[in-house]
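The structure appears right after this line, and notes come after that.
The values are calculated or read from the model by the stated rules, or taken from the named source; none is laboratory data. These numbers were taken from a predicted model, which means no experiment stands behind them. Neighbour counts are summed over all protein chains in view; Cβ atoms, including those assigned to glycine, are modelled from backbone coordinates with ideal geometry. For accessibility, only protein heavy atoms count, side chains too; no ligands or nucleic acids. Shrake-Rupley method; radii C 1.70, N 1.55, O 1.52, S 1.80 Å.
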Amino acid sequence: QVQLVESGGGLVQAGGSLRLSCAASGVIGNIASMGWYRQAPGKQRELVDELSSGGANYADSVKGRFTISRDNAKNTVYLQMNSLIPEDTAVYYCHVYYRYSNYWGQGTQVTVSS
C-alpha cells in the first residue's frame, strides 16, 4: 500500500552536487518521519539525516554539506548534497516511519569520482 519512489542518484565528480528525492504514495494522514540512510560497500547502513517533529538530525560526516527538506503536502523528502567527496559513494535509501511501520525505498546509487 505504501510505496516510496526515489530518484536523483548518479555519477558525479568530487565537488559536485546531487539532489535526491523520495515521494511516498498510498499515505493517508501524517508521516511521523522521513529521512535518508546510506550504505557503502562493506559498511553498515547509517543514518544520513532525518526530519521529524523534532527537526533535522544530520550525521557528523555530512553536516555543512547536505541539507534535508520535506514537502508535507506532497509527502516528499529531498536531500540536497553539495561538495560531494568520494567517501559519500553509497546506495542511498529513503526511509519513512508511518503508522508504527518502517518503509524503505528501493535505493539509489550515488557515486563520486576523484
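For the listed peptides 63-75, 26-38, a ranking on the average number of other beta carbons within 10 Å per residue, highest first, reads 26-38, 63-75.
Ignoring any ligand, DNA or RNA, what whole percent of the accessible area of the chain comes from carbon and sulfur when the probe is 1.4 angstrom?
On the way: 2850 of 6140 Å².
Answer for the chain: carbon and sulfur cover 46 percent of the accessible area.
Straightening the chain between Ile85 and Ala14 buys 25.1 nm, computed as 0.36 nm per residue apart minus the Cα-Cα spacing. Averaged per residue, the chain has 54 square angstrom of accessible surface, using a 1.4 angstrom probe with ligands and nucleic acids left out. Comparing Cα centroids, the range 33-47 and the range 53-114 end up 9 angstrom apart. Projecting label points 7 angstrom from Cα along Cα→Cβ for Gln106 and Ala32 puts them 2.7 nm apart.
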